[in-house]
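Each remark here refers to the structure printed beneath this line.
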């Protein structure tokens, strides 16, 4: 997620939460059935179905090839993100903060869960991917530096004796505190030892980030499941509105 996009989407999510919390200070029983409330409901509902189109296109190869000839998946993802936040904002406004029926309460709760889980998951997935990419780049640079130091050590085997005072864990800690940076950098064996420790730390960090990224694969499945539950409730709400008579355009 780009920085500007992240700031804008974050602002929209905060606005969505504030609008939902508005029920603590405001309630308009008639607004949902008014013409303006109906317009908010129709536009918001249509926008909420845009993310469903993205999920379908992404998972059907033939459809994906046909659509991406005209629109990139990156653009579709952007539509998915913005429609997935703006639609719920309009729907929350449509309610007039009147949460009385079990269906309305369930639909509102599921909308909040889908929006928040989608935002958090998207941000964290991007963060983990970015961290892994940067750490792997650093790891490659350290491995090149280590090979260079190993070549220098091979040319001067007598310098290996310098490693003996720093072979223990506590000895390396003491060395990092009391030995000057210039002295450490001028010794190929000690520099190689520092590089191996940095490589070890980076490899651990990469594995940790990859673990959390894999865990968020489970989050993605959860997000998709609750999204379909939301669509089921939304369709039921639309059916109930039509069945019991729409007051919007009277």
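Quick one: is residue 133 at pLDDT 55 or above, exposed (fewer than 13 other Cβ atoms within 10 Å of the Cβ), part of a helix (DSSP H, G or I) and within 37 Å of the chain's Cα centre (by Cα)?
It is true that residue 133 is at pLDDT 55 or above, exposed (fewer than 13 other Cβ atoms within 10 Å of the Cβ), part of a helix (DSSP H, G or I) and within 37 Å of the chain's Cα centre (by Cα).
Going by the conditions given, is residue 44 free of Cβ contacts under 8 Å to residues at least 40 places away in the same chain and closer than 25 Å to residue 122 by Cβ?
So residue 44 does not fit the description; no.
Out of (1) part of a helix (DSSP H, G or I); (2) modelled with pLDDT under 85; (3) surrounded by 15 or more Cβ atoms within 10 Å (Cβ to Cβ), the odd one out for residue 97 is which?
(1)
Can you tell me how many residues within the range 176-217 are modelled with pLDDT under 50 and touching a helix residue (DSSP H, G or I) at 6+ places or on another chain (Cβ under 7 Å)?
Counting residues in the range 176-217 that are modelled with pLDDT under 50 and touching a helix residue (DSSP H, G or I) at 6+ places or on another chain (Cβ under 7 Å) gives 2.
Only one residue in 230, 220, 142, 234 is under 30 Å from residue 110 (Cβ atoms), surrounded by 12 or more Cβ atoms within 10 Å (Cβ to Cβ), at pLDDT 80 or above and more than 23 Å from the chain's Cα centre (by Cα). Which one?
Every option except 234 fails the conditions.
Condition (residue is over 23 Å from residue 237 (Cα atoms) and touching a residue at least 60 places away in the same chain (Cβ under 8 Å)) applied to the range 47-56: is it met by at least one residue?
No - not one qualifying residue is present in the range 47-56.
The values are calculated or read from the model by the stated rules, or taken from the named source; none is laboratory data. Nothing here was measured: the structure is a model prediction, and the numbers come from that model. Please note: Cβ atoms are built from the backbone with ideal geometry, for glycine as well, and neighbour counts cover all protein chains shown.
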